[in-house]
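Working notes, structure below.
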Amino acid sequence: MPAARAAASDGTESPLLVERRGDRVVATLNRAEKRNAIDQATIDALHVLCAELEAVPRTLILTGADGVFASGADIAELRERRADDARAGINANAFVRLALLPMPVIAALDGYALGGGAELAYAADIRIATPELKIGNPETGLGIIAAAGASWRLKEIVGDARAIELLLTGRTIGAAEALEIGLVSGLHPAAELLAAAHAIADRIARNDRAATIATKRVFRAPRPEHPAVDLAEQAVLFESPEKLRRMTEFLERKQK
């Protein structure tokens with residue numbers, strides 16, 4: 001199904017192009033003239049998409065148009081925001097909602113993923129990239145902090161020592177270093193990036209949907225909730241007809 005090129009309220013093209021398939025959705029950040037900088041309209045579109053995927057869970061592939069994921073938050077908007085805007089968590093709340101979607105989120109990163117763009121990528125479950133990736137959080141150089149998730153998600157991904165060095169220096173890293181420290185799990189040529197993301201989505205789709213949702217829910221649960229949360233989810237799955245079917249098929253294949 002072709003990407004939906006819906007018009008924004010002002011008549012311009014939507015900042016988020018959405019392609020829907022049976023078991024997945026591909027969302028493309030679409031402000032190429034601003035290097036896909038994340039503005040209020042983009043945040044609004046992400047909330048609409050999240051509402052859809054909360055109601056009908058599907059894997060989400062998130063990428064950017066024209067060789068850039070997202071160059072950051074829209075600085076022109078950000079400059080005008082004040083304390084009340086900070087407390088409202090405009091970007092942070094959207095990224096939290098994205099991270100909590102029932103099915104996996106795959107970020108396919110090309111070119112720049114900086115500031116808010118990097119934080120959007122950190123909210124994904126799986127990140128892959130092209131060799132052209134440049135990712136980092138330069139917020140302190142602009143007189144602010146990375147408050148839309150980097151301060152807690154980045155250390156969960158790469159560890160405390162790496163995360164604090166990157167956040168305090170504002171250093172931008174390339175694809176090879178991002179792969180080395182586990183910030184991305186694979187590198188692919190730009191022409192193959194989306195296909196690689198779909199291959200991951202295909203592999204996920206072959207697994208049991210309920211078990212996939214349970215795995216993500218358990219993985220995201222706070223440490224004090226383990227192992228109780230694992231056992232509760234497993235108890236539900238142990239009664240599932242799909243578990244019985246899949247295990248029966250496995251045993252029958254072994255006997256052949």
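If you take the residues in the stretch 95-122 that are surrounded by fewer than 24 Cβ atoms within 10 Å (Cβ to Cβ) and of a type in the set (G, A, S), which one is nearest to A210 (Cα to Cα)? Applying the filter and picking the extreme gives A99.
Would you pick out the residues in the stretch 192-224 that are of a type in the set (D, E, K, R) and either out of contact with any helix residue (DSSP H, G or I) (no Cβ under 7 Å at 6 or more places or on another chain) or not in a helix (DSSP H, G or I) (or both)? Please lay out each step first, then the result.
Let us first name the residues in the stretch 192-224 that are of a type in the set (D, E, K, R), namely 192, 202-203, 206, 208-209, 216-217, 220, 223.
E192, D202, R203, R206, D208, R209, K216, R220, R223, listed by residue number.
Residues in the stretch 180-189 that are under 28 Å from E19 (Cα atoms) and under 18 Å from the mean Cα position of the chain (by Cα): L183, V184, S185, G186, L187, H188.
Within the stretch 195-202, can one find any residue that is open to solvent by 100 Å² or more (accessible area, probe 1.4 Å) and free of Cβ contacts under 8 Å to residues at least 24 places away in the same chain? Scanning the stretch 195-202, I find no residue that is open to solvent by 100 Å² or more (accessible area, probe 1.4 Å) and free of Cβ contacts under 8 Å to residues at least 24 places away in the same chain, so the answer is no. Every condition in (1) touching an Asp or Glu at 6+ places or on another chain (Cβ under 9 Å); (2) free of Cβ contacts under 8 Å to residues at least 60 places away in the same chain; (3) of a type in the set (S, T, Y) holds for T130 except the one numbered (2).
Quick grid of which residues meet (1) open to solvent by 70 Å² or more (accessible area, probe 1.4 Å); (2) without any contact (Cβ under 8 Å) to a residue 24 or more places away in the chain; (3) over 30 Å from G67 (Cβ atoms):
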position	(1), (2), (3)
L167	no, no, no
I173	no, no, no
G186	no, no, no
E192	yes, yes, no
T212	no, no, yes
T215	yes, yes, yes
A232	no, yes, yes
M247	yes, yes, yes
E252	yes, yes, yes
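Could you tell me whether the stretch 133-146 includes any residue that is closer than 26 Å to H198 by Cα and more than 16 Å from the chain's Cα centre (by Cα)? Looking through the stretch 133-146, at least one residue is closer than 26 Å to H198 by Cα and more than 16 Å from the chain's Cα centre (by Cα). Keeping to the stretch 234-245, report how many residues are assigned to a loop (DSSP other than H, G, I, E, B), open to solvent by 100 Å² or more (accessible area, probe 1.4 Å) and closer than 12 Å to D208 by Cβ. Final tally of qualifying residues: 0.
Which of the residues that make up the stretch 89-130 are under 21 Å from D39 (Cα atoms), among the polar types (S, T, N, Q) and in contact with a strand residue (DSSP E or B) (Cβ under 8 Å, 6 or more places away or on another chain)? Across the stretch 89-130, the qualifying residue is only N91.
Cβ-Cβ distances below 7 Å connect the following pairs, each with a first residue in the stretch 64-81 that is under 9 Å from G116 (Cβ atoms) and of a type in the set (A, V, I, L, M, F, W, C), a second residue that is open to solvent by less than 20 Å² (accessible area, probe 1.4 Å) and in a loop (DSSP other than H, G, I, E, B), and a separation of six or more residues or different chains: A70/N36; A70/A37; A73/A37; A73/G115.
Scanning the stretch 54-89 for residues that are of a type in the set (A, V, I, L, M), in contact with a helix residue (DSSP H, G or I) (Cβ under 9 Å, 6 or more places away or on another chain) and either at pLDDT 95 or above or buried (at least 22 other Cβ atoms within 10 Å of the Cβ) (or both) turns up L60, I61, L62, A65, V68, A70, A73. Checking the structure you have, find out if any residue of the stretch 206-224 is farther than 20 Å from L101 by Cα and either modelled with pLDDT under 95 or not hydrophobic (A, V, I, L, M, F, W, C) (or both). Checking the stretch 206-224: at least one residue is farther than 20 Å from L101 by Cα and either modelled with pLDDT under 95 or not hydrophobic (A, V, I, L, M, F, W, C) (or both).
Candidates are the residues of the stretch 123-154 that are under 17 Å from Y112 (Cβ atoms) and of a type in the set (K, R); the one that is least open to solvent (accessible area, probe 1.4 Å) is R127. Just the residues that are open to solvent by 60 Å² or more (accessible area, probe 1.4 Å), more than 19 Å from W152 (Cβ to Cβ) and among the hydrophobic types (A, V, I, L, M, F, W, C), please, taken from the stretch 217-230. Within the stretch 217-230, just A228 meets the criteria.
The values are calculated or read from the model by the stated rules, or taken from the named source; none is laboratory data. Quantities reported herein were computed from a predicted structural model and do not represent experimental measurements. Here the Cβ is made from the backbone with ideal geometry for all residues, glycine too, and neighbour counts use every protein chain on show. Ligands, DNA and RNA are excluded from the accessible area calculation, which covers all protein heavy atoms including side chains. Shrake-Rupley method; radii C 1.70, N 1.55, O 1.52, S 1.80 Å.
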